[in-house]
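Structure below; questions to follow.
Taken together, the values in this text are just the output of simple stated rules run on the coordinates, not laboratory data. On a predicted model such as this, the values are computed, not experimentally measured, just so you know. Heads up, the Cβs are rebuilt from the backbone with ideal geometry, glycines too, and the neighbour counts pull from every protein chain shown.
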């Protein structure tokens, strides 16, 4: 999501609104704040599309390999490189955010 200008609690609140019953959608344990320029350095395209929620942003233009296995390896390498980019920051809530939880004190454990 596009987070420029948002306070930590606002970011966690939007994340909380995306929780649901589907697999992998019931808890938030952390987030990576990835600046647009870091994605563009990897020749990826960043499009704020506001769907399915306001401020939603899609990352497109992922390169393809000769087959599904090579594509997966290329994508994993890009993600690994992004995770090590000095401008990418990990943010951790004070405890896991869950679908049924009220508003914990989020964002205090940033690293």
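So if I take the centroid of the Cα atoms in segment 9-53 and the same for segment 58-95, what is the distance between those two points in Å?
Cα centres, segment 9-53 to segment 58-95: 13 Å.
To continue, here is another question. How many times 2.2 N^0.38 Å is the alpha carbon radius of gyration of the chain? Present the calculation step by step, with values, prior to reporting the outcome.
Values: Rg = 15.3 Å, N = 111, 2.2 N^0.38 = 13.2 Å.
This ratio for the chain stands at 1.16.
Would you mind computing, in nm to one decimal, how far apart the modelled labels at residue 50 and residue 90 are, each placed 7 Å from Cα along Cα→Cβ?
For the pair residue 50/residue 90, the computed spacing is 3.5 nm.
Let me ask something else about it. Using label points projected 7 Å from each Cα along Cα→Cβ, tell me how many nm separate residue 27 and residue 66, to one decimal.
4.1
Also: Please give the FRET efficiency for residue 10 paired with residue 43, using the beta carbon to beta carbon distance and R0 = 30 Å, rounded to the nearest 0.05.
Approximately 0.50, to the nearest 0.05.
Only helical DSSP H runs with n ≥ 4 go in: add -39500 (n - 2.57) per run for the chain, normalise by residue count and round the 222 nm mean residue ellipticity to 500 deg cm²/dmol. Before the final figure, lay out the partial values.
Numbers: 3 runs with 32 residues, N = 111.
Result for the chain, helices only: -8500 deg cm²/dmol.
Let me ask another. By its C-alpha gyration tensor, with a ≥ b ≥ c as the square roots of the eigenvalues, how is segment 1-61 shaped: rounded for a/c under 1.5, else prolate for a/b larger than b/c, else oblate?
Numbers: a/c = 1.80, a/b = 1.52, b/c = 1.19.
Judged from the Cα gyration tensor, segment 1-61 comes out prolate (a/c at least 1.5, a/b above b/c).
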